[in-house]
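Asks: Would you mind keeping the following structure in view while I ask a few things?
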Ligand code: KG4
Ligand code: ZN
């Protein structure tokens with residue numbers, strides 16, 4: 001197969017991401033527009049505003065990406081786009097745009113699974129990462145432990161029964177008065193918590209550690225945080241202490257389940273994917289835990305942990321190589337799409 005270049009488009013939630021991936025040269029360019037400021041005043045993502053904002057930015061971002069890559073659109077060989085899971089309107093904007101562009105260029109389109117793209121982001125930076133590997137997928141919408149056996153072959157080991165980790169971080173941050181999305185700020189409070197405050201802070205429960213299997217539950221922790229906050233002086237010290245106790249509880253649970261999954265599957269590689277993968281303490285503690293186990297952990301760089309176009313372009317590249325593509329004009333998205341279910 002001669003060299004080819006895939007345009008990737010991500011619009012599943014509140015980030016418009018566009019990237020170009022070349023089979024010979026790798027990632028040529030990637031650009032991103034975040035809608036955080038747009039949604040901040042509402043304390044969460046407003047789906048209709050998200051869709052409209054994707055419409056407003058897609059053309060400009062594709063042009064910027066082509067300029068960055070010093071490329072003409074006629075040199076694009078396929079257009080990959082996130083077909084799900086995500087917000088239906090936001091997905092439809094990306095799908096309509098991608099399929100129309102592909103049709104106009106007489107090129108195929110490739111429907112990409114958003115979570116699979118997150119999983120593959122680790123390979124984008126570590127092309128020698130071999131299957132099988134375990135994936136801890138921790139984002140605003142998902143918390144899953146997955147065994148990746150091959151491209152397209154994923155076994156779900158565990159899932160959250162309620163809130164996703166990122167969602168729990170954001171909701172806990174919100175009840176402490178930190179603006180949306182407060183997850184990263186809450187993590188900073190936790191990391192900067194003074195030793196004297198840590199010592200006096202009461203410990204939070206470790207949900208699901210007493211149960212077999214790999215499922216998670218995080219909604220109880222935010223209730224615990226709310227009670228702790230209401231009983232505190234509600235000052236900066238209390239915020240640090242609660243952030244620290246919350247983060248420690250979350251990380252203990254995540255680490256424990258990862259360790260058990262690695263031992264049970266005898267897989268020796270762990271990939272961390274999704275926005276919470278940017279969490280510094282999670283990274284540090286996973287490295288410390290896996291080293292004595294003789295296992296390796298891979299983290300995408302923070303920019304590729306959160307939603308981005310590069311992971312979609314890369315997933316599109318892998319499927320184009322396998323000749324999995326769509327030449328029809330039909331537009332279909334899958335707001336709820338479990339990993340492994342075939343929707344193509
Ligand atoms: O993967 P992502 O960009 O969006 C989804 O597909 O959900 O993840 C965003 C989530 C948000 O909930 C955000 O608060 C969380 O990742 N997040 C963090 C950190 N950075 C982002 N959570 C904890 N610690 C961080 N450093
Ligand atoms: Zn995501």
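Asks: Determine if region 154-167 includes at least one residue that is over 15 Å from the mean Cα position of the chain (by Cα), more than 16 Å from ligand 2 (Cβ to nearest atom), crowded, with 22+ Cβ neighbours inside 10 Å and at negative phi.
Replies: Within region 154-167 (the criterion being over 15 Å from the mean Cα position of the chain (by Cα), more than 16 Å from ligand 2 (Cβ to nearest atom), crowded, with 22+ Cβ neighbours inside 10 Å and at negative phi), the answer is no, since none of the residues qualifies.
Asks: If you don't mind, another one. Please find, within region 121-146, the residue that is surrounded by the most Cβ atoms within 10 Å (Cβ to Cβ) out of those that are modelled with pLDDT of 95 or more and either within 9 Å of the chain's Cα centre (by Cα) or at positive phi (or both).
Replies: It comes out as 138.
Asks: Specify the residue that is modelled with the highest pLDDT; the eligible residues are those in region 1-60 that are within 15 Å of ligand 2 (Cβ to nearest atom) and surrounded by fewer than 17 Cβ atoms within 10 Å (Cβ to Cβ).
Replies: Per the criteria, the residue is 34.
Asks: Yes or no: region 247-258 includes at least one residue that is surrounded by fewer than 17 Cβ atoms within 10 Å (Cβ to Cβ) and either on the phi > 0 side of the Ramachandran plot or at pLDDT below 95 (or both).
Replies: No, every residue in region 247-258 fails to be surrounded by fewer than 17 Cβ atoms within 10 Å (Cβ to Cβ) and either on the phi > 0 side of the Ramachandran plot or at pLDDT below 95 (or both).
Asks: Residues 194, 115, 134: which one is farther than 25 Å from residue 85 by Cα and touching a residue at least 40 places away in the same chain (Cβ under 8 Å)?
Replies: Selected residue: 194, the only one of 194, 115, 134 that is farther than 25 Å from residue 85 by Cα and touching a residue at least 40 places away in the same chain (Cβ under 8 Å).
Asks: Anything in region 198-214 that is surrounded by 18 or more Cβ atoms within 10 Å (Cβ to Cβ) and either at pLDDT 95 or above or in a helix (DSSP H, G or I) (or both)? List them, or say none.
Replies: Within region 198-214, 204, 207, 208, 214 qualify.
Asks: How about region 267-324: which of its residues are crowded, with 17+ Cβ neighbours inside 10 Å, within 16 Å of ligand 2 (Cβ to nearest atom) and in a loop (DSSP other than H, G, I, E, B)?
Replies: The answer is 274, 279, 299, 300, 306, 307, 308, 309.
Asks: Still on this model: Can you tell which of 102, 121 is within 16 Å of ligand 1 (Cβ to nearest atom), in a helix (DSSP H, G or I) and either touching a strand residue (DSSP E or B) at 6+ places or on another chain (Cβ under 6 Å) or closer than 23 Å to residue 302 by Cβ (or both)?
Replies: Within the list 102, 121, the selection yields 121.
Asks: Still on this structure, I have one more. Go through region 1-37 and count every residue that is in a helix (DSSP H, G or I) and touching a residue at least 24 places away in the same chain (Cβ under 8 Å).
Replies: Total satisfying the criteria: 1.
Asks: From the list 158, 94, 166, 89, which one is in a helix (DSSP H, G or I), within 24 Å of residue 259 (Cβ to Cβ) and either within 11 Å of ligand 1 (Cβ to nearest atom) or in contact with a helix residue (DSSP H, G or I) (Cβ under 7 Å, 6 or more places away or on another chain) (or both)?
Replies: Going through 158, 94, 166, 89 in turn, the sole match is 166.
The values are calculated or read from the model by the stated rules, or taken from the named source; none is laboratory data. A quick note: this is a predicted structure, and the numbers were derived from the prediction, not measured. A quick note on method: Cβ atoms are made from the backbone with ideal geometry, for glycine too, and the neighbour counts reach across all protein chains shown.
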